[in-house]
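Read through the structure below, which is laid out as structure tokens, and then see the notes.
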Amino acid sequence: MADGSIGLWTVPLAVLGGAIRVSTPFLFVSLGECITERSGRINLGLEGTLVMGAMSAYGISYLSGSPWLGVLAAGITGALLGALHAGICSLPRVNDVAVGIALMLFGTGLAFYLGKPLIEPTAPRLPAIDFGWWSDIPQVRAALRVNVLFLIGAALAPILYWAFRTTRWGLLIRTAGESSDAARAMGHSVLLIRLRATMVGGFLAGIGGSFLSLFYPGSWNEGLSSGQGITAVALVIFARWDPLLCLWASLAFGGAAALGPALQSVGVTSGYHLFNAAPYILTLAIMIITCSPKRTLTGAPAELSITR
Amino acid sequence: MIIGETPPPSGAFGVDAIAMTMRFGDFLALDNVELKVRPGSFHALLGENGAGKSTLVKCIMGYYHATEGDIIVGGREQAIANPKDAHALGLGMVYQHFTLVPAMTVAENLVLARDDVPAVVNWSQEMKELEAFLARMPFKVPLSAKVSDISAGERQKCEILKQLYLKRRFLILDEPTSVLTPAEADEVLGMLRDMVVKGELTILMITHKFREVMAFADDVTILRRGKLAGAGKVAELTPDAMARTMIGAEELTVQPPRTGETGQARLELAKVRALDDAGAVAVHDVSLTVRAGEIVGIAGVSGNGQRQLVEVLAGQREAEGGEIRVAGDSYHASREEMRRHRMSLLPEEPLKNACVGGMSVADNIAFREFDRAPFASGGWWLNRGAFREDAKKKIGQYKIKTRTPDTPISALSGGNVQRAVLARELGSDVEVLIAANPCFGLDFAAVAQIHAEIMAARNRGAAVLLVSEDLDELLELSDRLVVMFHGEFVYEARTSQADLTEVGRHMAGH
């Protein structure tokens, strides 16, 4: 081991490191979408929000020199896009799925347009905490370099889980998502609750985007997101709208996405592209296993347009 | 309204609605209606569907703003701008459709209904307070159970408890017993009646059940087509007099007498098993035979597997096990089998289960035969003219009120949608008829017509399976009565010999 080689151990270590690194955008987008969907609305536009968040974070970080201001800017951009989605959806006879697809295209298109001048410059990046200081094996140290955003996201999952049960806002969001009639009968405005939930969801998705441009991969280009936003929306469905399960599902996805590069690094090159497709194969497999024509999904908010 | 101005400090208070008029565009929903509910009384509001009962109470609760008229609460005129104002005055309403959130627990639902939900809920303290509150109340509900897991009766109690928990002292109940067994209805209304007698509560109940009006109400107000048709003390009225006031001079279809002999077994179920949408067993190995020329009624509180059973028979759901035979042949609900055996279906919620809302009345009436002569040539070229001719004939025969045969069927009222389905399903010979809650939410004229058609089909020799939540309907129509509880048939008797208390006991699962 003197030469620092740890043989096949590289693979699980790289998968672990990858799980933490790659999962962060999944985690933020899925937690955001979880809030939005629990309020009874589905926002498919989060892919666009993610890319817009990545672009604005990179831009603000470059201009101001502070990556954290970039993260904040990404969140605000996301919240504004969320407000746009909720605003359009509050008009009568508007389908939230169609609006979401439109906003997905709008968000990515706008980000590419505004982000053209950002491809060249290098912006300051987010710091990471080195949890691998105790080891002198470079692979271990690489795997345990954890970004602060991941820790925030990991803490947010149990907080949301608790908030859905014990806070007024959590109860109101669930009421709006489970029975808009009940919410209206109590004198609450369902549209207002959903507006706020969609804005918070957009805020989190924007932050997920800032991770892409400011930490990993850590630059701005048009191929930055490979559908993480839309995958995270699907992830919420098989996490059964539970924030804690969102965390585990994000980690599983991150791990699956890191499988291809990890295998390549130990010399397994055949089927590289197949291994890169692991997250998508995982999506399909979980969908097939958990869905049945004879049952409705348990835990699905009753007001969601896809379950109603 | 003047915020801070409170209703009488404690005990029951009365509500009067004076000269209420409500216009929706050209439609006059309420025409100069007057309603006087005395403090500490149990008041019944009677009327057919569309008579304006719901509109009137929604004006009182602030959901609608009456075009003209005044609301007087506890002797003072009040402008009620929205439901929150009504709540602040101590007015509460229990809706026909539950407003509890099914995926939440009873306790969560109760706390959530409060105006002052704390930002962070201290559940252990709230549970203690809720238990103390329940100890003072006449009914009990399981606080930690999810609302989706408790029975319809418990949900209704929960709705009423919610209003009492919110300290409402004037309760409006919109058909509160439609989902309860007769015994549960008596229990709930009896307890509310006790609170009224003690002077703690005033109740205004919308209903169409004369039995409950006679047993529990002090006063009654009757509406007909948006106008006040009558009012008075229940003690001075008979159900007949009230019914006549409700219907007016309208002619009802006369039901033909029960004639003919019972023949061969037509519809046989053997150990049929079906799952519900959550994957749980909803229909538990039920067996039943329906013979030609008889009506078998399936009674039960909604949610005991009746819907899944009908869906299996209609081909909307696959059976998990067992066998269905029609006239001796195995049956899998294919279109060919339905045609061959002349099967007809009147599913519940006909607009959803038996119609395509956006298609015309004529098209909907033609669904069974649209690709056969004379409606089509060669099985594919449709003859639209024949559709319309046939529809016109049936529209007249079944008194379907529609502007033209080409109007989308979703534009019709509930009674007329059901009449259109009736025209399609009973327009030709019928050997097996399956009907599920065929009269739910319909007015007297439609109910009388549908009952007459079902009886006529039976007399012509059809085997009829009638699934209904309305026990009176089953007692009136069926030859044999079966009670369904938790997916099983738990009681069976000839209707003429059925014991009502026994039936009610089995519906409640005792």
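The values are calculated or read from the model by the stated rules, or taken from the named source; none is laboratory data. Predicted, not measured: the structure shown is a model, and the values here were computed from it. So basically every Cβ, Gly included, is an ideal-geometry build from the backbone, and we count neighbours across all protein chains shown.
Looking across the range B:52-77, just one residue is surrounded by 22 or more Cβ atoms within 10 Å (Cβ to Cβ), at negative phi and not hydrophobic (A, V, I, L, M, F, W, C), and that is B:LYS53.
Residues that are charged (D, E, K, R), in a loop (DSSP other than H, G, I, E, B) and surrounded by fewer than 24 Cβ atoms within 10 Å (Cβ to Cβ) within the range B:451-510 comprise B:ARG460, B:ASP470, B:ASP479, B:ASP499, listed in sequence order. Candidates in the range B:107-128 are the residues that are among the polar types (S, T, N, Q) and more than 34 Å from the chain's Cα centre (by Cα); of these, the one that is nearest to the other protein chains (Cβ to nearest Cβ) is B:ASN122. Here B:THR21 meets each of (1) in contact with an Asp or Glu (Cβ under 6 Å, 6 or more places away or on another chain); (2) within 30 Å of B:LYS198 (Cβ to Cβ) with one exception, condition (2).
Evaluating A:LEU103 against the criteria (1) more than 14 Å from chain B (Cβ to nearest Cβ); (2) under 29 Å from B:VAL106 (Cβ atoms); (3) surrounded by 22 or more Cβ atoms within 10 Å (Cβ to Cβ) leaves one unmet condition, (2). Filtering the range A:137-168 to residues that are touching a residue at least 12 places away in the same chain (Cβ under 8 Å) and outside any helix (DSSP H, G or I) leaves A:ILE137, A:LEU144, A:ARG145, A:VAL146, A:ASN147. Going by the structure shown, is B:ASP329 over 29 Å from B:ILE298 (Cα atoms), of a type outside the set (Val, Ile, Thr) and more than 31 Å from the chain's Cα centre (by Cα)? Criteria not met by B:ASP329. Among the residues of the range B:94-106, the ones that are more than 7 Å from every other protein chain (Cβ to nearest Cβ), assigned to a loop (DSSP other than H, G, I, E, B) and modelled with pLDDT of 85 or more come to 0 in all. At pLDDT below 90, surrounded by fewer than 24 Cβ atoms within 10 Å (Cβ to Cβ) and closer than 19 Å to A:LEU156 by Cβ: is that true of A:TYR216 in this structure? Considered against the rule, which asks whether it is at pLDDT below 90, surrounded by fewer than 24 Cβ atoms within 10 Å (Cβ to Cβ) and closer than 19 Å to A:LEU156 by Cβ, A:TYR216 comes out as yes.
Restricting attention to the range B:267-282 and to residues that are among the hydrophobic types (A, V, I, L, M, F, W, C) and in contact with a helix residue (DSSP H, G or I) (Cβ under 7 Å, 6 or more places away or on another chain), the residue that is farthest from the other protein chains (Cβ to nearest Cβ) turns out to be B:VAL272. For the range B:225-243, does any single residue satisfy the condition of being of a type in the set (Asp, Glu), touching a residue at least 40 places away in the same chain (Cβ under 8 Å) and surrounded by fewer than 16 Cβ atoms within 10 Å (Cβ to Cβ)? Among the residues of the range B:225-243, not one is of a type in the set (Asp, Glu), touching a residue at least 40 places away in the same chain (Cβ under 8 Å) and surrounded by fewer than 16 Cβ atoms within 10 Å (Cβ to Cβ), which makes the answer no.
Rundown of residues vs (1) surrounded by fewer than 19 Cβ atoms within 10 Å (Cβ to Cβ); (2) under 20 Å from A:ILE230 (Cβ atoms); (3) hydroxyl-bearing (Ser, Thr, Tyr); (4) in contact with a helix residue (DSSP H, G or I) (Cβ under 9 Å, 6 or more places away or on another chain), yes/no style:
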position: A:THR49; (1), (2), (3), (4): no, yes, yes, yes
position: A:SER56; (1), (2), (3), (4): no, yes, yes, yes
position: A:HIS85; (1), (2), (3), (4): no, yes, no, yes
position: A:LEU91; (1), (2), (3), (4): yes, no, no, no
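From the list A:ARG184, A:ARG194, the one residue that fits, being away from chain B (no Cβ under 14 Å), out of contact with any strand residue (DSSP E or B) (no Cβ under 8 Å at 6 or more places or on another chain) and closer than 25 Å to A:ILE88 by Cβ, is A:ARG194. Take the conditions (1) at pLDDT below 90; (2) out of contact with any strand residue (DSSP E or B) (no Cβ under 7 Å at 6 or more places or on another chain); B:PRO257 misses just one of them, which is (1). Give the residues of the range A:169-181 that are at the interface with chain B (Cβ under 7 Å from one of its Cβ atoms) and either of a type in the set (D, E, K, R) or not in a loop (DSSP other than H, G, I, E, B) (or both), sorted by residue number. Those that are at the interface with chain B (Cβ under 7 Å from one of its Cβ atoms) and either of a type in the set (D, E, K, R) or not in a loop (DSSP other than H, G, I, E, B) (or both): A:LEU171, A:ARG174, A:THR175, A:GLU178, A:ASP181. The set of residues in the range A:177-198 that are within 23 Å of the chain's Cα centre (by Cα) and surrounded by 24 or more Cβ atoms within 10 Å (Cβ to Cβ) comprises A:GLY177, A:ARG194, A:ALA197, A:THR198. Taken together, A:PHE238, A:PHE253, A:PHE215 contain a single residue that is among the hydrophobic types (A, V, I, L, M, F, W, C) and in contact with a strand residue (DSSP E or B) (Cβ under 7 Å, 6 or more places away or on another chain), which is A:PHE215. On the given criteria, is A:ALA142 within 21 Å of B:SER148 (Cβ to Cβ) and either within 14 Å of chain B (Cβ to nearest Cβ) or surrounded by fewer than 21 Cβ atoms within 10 Å (Cβ to Cβ) (or both)? The answer is no for A:ALA142. Of the residues making up the range B:81-93, those that are in a loop (DSSP other than H, G, I, E, B) and either at the interface with another protein chain (Cβ under 10 Å from one of its Cβ atoms) or at pLDDT 90 or above (or both) are B:ASN82, B:LEU89, B:GLY90.
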